[in-house]
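In what follows, a structure is listed as structure tokens, so that the remarks can point back to it.
The values are calculated or read from the model by the stated rules, or taken from the named source; none is laboratory data. Just so it is clear, the structure is predicted and the values come from calculations on it, not from any experiment. No Cβ is skipped: glycine too gets one built from the backbone with ideal geometry, and neighbour counts run over all protein chains shown.
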Amino acid sequence: MSGVPSRQRREGVPIRSVMEAESRARRQVWISSGPLSMKTLIVWGVIIFALGFFDGRQMRQVSETATVQSIPAARPDGNSNNVTFAPTGTPANAANATRVTIRLLKFSPDKIEVKSGETVEWANADLTPHTATAQGTFNSGAINAGAAWSHTFNQPGIFPYVCTFHPEMKGVVVVR
């Protein structure tokens, strides 16, 4: 009997190895491809959070500091009546134009009131092109990012307009 292990010794070995395996399994998260340690999950979580945080800050910074320069947009209907192009920030344009800023897929302000003969300027401070289109009244064509387009209103009335690229973007110009 000296070469055969005792019964107590034979039964203790498998139980201990099962307990060790269970302990290891509790410390690991199983993904379909295999085990992944909690340490690895935490590291990747921090990396993804940091990327999202800095990307969000960058996008906010881009939308807040976008500069607007005038680039005349082509009119699709070929009609140039009552349309003026002027660089933004010039004294003549600043004194006579009411500005609508396009940012984050919105016209701001979405409703404006002007007097007959006044000019409204749409300045695109967004990352994508937009339009300012009032059926039968005015059509800016594509206003590229960083560009502006203006229209002089000579007749009183209420002029609802939309962005043809993004129909959920709506605004109204009231001319007195």
So the check is Cβ under 7 Å with 6+ separation or different chains; which pairs have a first residue in the stretch 94-106 that's assigned to a strand (DSSP E or B) and a second one that's modelled with pLDDT of 95 or more and aromatic (F, W, Y)? V100/F107; V100/W122; I102/W122
Single match in A134, A147 (criterion: in contact (Cβ under 8 Å) with a residue 60 or more places away in the chain and among the aliphatic types (A, V, I, L, M)): A147
Pick from the stretch 130-166, criterion within 19 Å of the chain's Cα centre (by Cα) and over 12 Å from F107 (Cβ atoms), ranking: surrounded by the fewest Cβ atoms within 10 Å (Cβ to Cβ): F165
Any idea how many residues of the stretch 138-171 are aliphatic (A, V, I, L, M) and either outside the structural domain of L127 (by TED's automatic domain parsing) or not in a strand (DSSP E or B) (or both)? 4
The stretch 118-129, residues that are farther than 15 Å from S108 by Cβ and either touching a Phe, Trp or Tyr at 6+ places or on another chain (Cβ under 6 Å) or surrounded by fewer than 19 Cβ atoms within 10 Å (Cβ to Cβ) (or both): E118, L127, T128, P129
Looking at the stretch 123-137, which of the residues that are of a type in the set (S, T, N, Q) and in a loop (DSSP other than H, G, I, E, B) is nearest to E168 (Cα to Cα)? T131
Give the residue that is farthest from the chain's Cα centre (by Cα), with candidates limited to residues of the stretch 94-112 that are exposed (fewer than 13 other Cβ atoms within 10 Å of the Cβ) and farther than 20 Å from E168 by Cβ. A95
